[in-house]
Structure formats: C-alpha cells, structure tokens
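K.L.:
Provided herewith is a single structure, encoded as structure tokens, for subsequent inquiry.
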Amino acid sequence: QVQLVESGGGLVQPGGSLRLSCAGSGRTFTDYTMGWFRQAPGKEREFVASISWPAGRRVYMDFAQDRFTISGDNAKNTVYLQVRALKPSDTAVYYCAQSVGGTVYYETSYDWWGQGTQVTVSS
C-alpha cells in the first residue's frame, strides 16, 4: 500500500513563497517518477512538474518554468515543490502523485495520489 501525504499549503499573499512537501511510504521514490499536479476552482487538474530518478530529470509545464522548483530527498522519501512569486492564479489544490511509467504530463500515468494541499494566494 502506497501512501502520499502532502503538506505545506496555506494562505499566502501575492509575491510570497511556499514549499510544498509530499511524504511517501510503501514504495521507494527512487524507483519511480514523482509528479505534482494542481486543480484550480472550476478547472481541470493540470500537470505542474515531475522528477524522475536515478538521473533526477525534471520536467516542468510551461507556466512553471520560472517560479516552480521540484526536488526530492530520497533518504526521507519526500518530494518538494518550491513556489516563489506566487500569484492569485496559483490558487489551487496541489497534489503529488507517483508514476510507474508513461508520459509524465498525463494523469493516467500516475497510479497513486495524495489527498492534496490547498494553496490560496490572496491579499
């Protein structure tokens, strides 16, 4: 049984920063691709970023190229998503997910999901 637990969300003012964490158990991260997705109110869930081991290859959606950084701590089985210069349009529930293969952009490539952590960007 795989469990993924996100944390680190909250209410942040525009321009602020957050680091989201995804702690996993049940499978070693280094054997899989880990991804972050987000779902804004009234919108479909969208891919944000992924990281694949052992090379640590990172893939970012276009909107995430400049302000988002995905990283991982294999010893802690934890993946992070650092977000800076937050905008109101970043308001969403952020999910981490684990993939056994396939195109990283697609939800169907991920077989385990966390419950999500809410990020609200507002003044």
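K.L.:
Tell me the strands (runs of 3 or more DSSP E) entirely within the range 10-123 that contain at least 2 residues that are among the charged types (D, E, K, R). Walk me through it before giving the result.
P.N.:
Working: elements: 10-12, 18-25, 33-39, 46-52, 57-60, 68-73, 78-83, 92-99, 110-113, 117-121.
Those strands (runs of 3 or more DSSP E) span 57-60.
K.L.:
On to the next question. Please give the number of the condition Ala97 fails out of (1) exposed (fewer than 15 other Cβ atoms within 10 Å of the Cβ); (2) in contact with a helix residue (DSSP H, G or I) (Cβ under 8 Å, 6 or more places away or on another chain).
P.N.:
So Ala97 meets the others, but not (1).
K.L.:
Now for a separate question. Keeping to the range 105-123, report how many residues are exposed (fewer than 13 other Cβ atoms within 10 Å of the Cβ) and in contact with a Gly (Cβ under 8 Å, 6 or more places away or on another chain). Spell out how you get there, then give the answer.
P.N.:
At the first step, the residues of the range 105-123 found to be exposed (fewer than 13 other Cβ atoms within 10 Å of the Cβ) are 106, 108, 115, 118, 122-123.
Right, trim to in contact with a Gly (Cβ under 8 Å, 6 or more places away or on another chain) and you get 108, 118.
Total satisfying the criteria: 2.
K.L.:
Exactly one condition in (1) under 10 Å from the mean Cα position of the chain (by Cα); (2) surrounded by 18 or more Cβ atoms within 10 Å (Cβ to Cβ); (3) in contact (Cβ under 8 Å) with a residue 40 or more places away in the chain is false for Gln82; which is it?
P.N.:
In the conditions (1) under 10 Å from the mean Cα position of the chain (by Cα); (2) surrounded by 18 or more Cβ atoms within 10 Å (Cβ to Cβ); (3) in contact (Cβ under 8 Å) with a residue 40 or more places away in the chain, Gln82 misses (2) alone.
K.L.:
Of all residues in the range 48-79 being farther than 10 Å from Gly35 by Cα and among the aromatic types (Phe, Trp, Tyr), which is least open to solvent (accessible area, probe 1.4 Å)?
P.N.:
Checking each candidate, the answer is Phe68.
K.L.:
Moving on. Can you report the number of residues in the range 34-81 which are of a type in the set (Gly, Ala, Ser) and touching a Ser or Thr at 6+ places or on another chain (Cβ under 9 Å)? Give the derivation first.
P.N.:
Quick first cut of the range 34-81, residues of a type in the set (Gly, Ala, Ser) only: 35, 40, 42, 49-50, 52, 55-56, 64, 71-72, 75.
Adding the requirement that they be touching a Ser or Thr at 6+ places or on another chain (Cβ under 9 Å) leaves 35, 40, 49-50, 52, 56, 72.
Number of matching residues: 7.
The values are calculated or read from the model by the stated rules, or taken from the named source; none is laboratory data. This one's a predicted model, so the numbers in the text were calculated from it and none came from an experiment. Every residue, glycine as well, gets a Cβ built from its backbone with ideal geometry; the counts of neighbours run over all protein chains shown. Note: areas computed on protein heavy atoms with side chains; ligands, DNA, RNA excluded. Shrake-Rupley method; radii C 1.70, N 1.55, O 1.52, S 1.80 Å.
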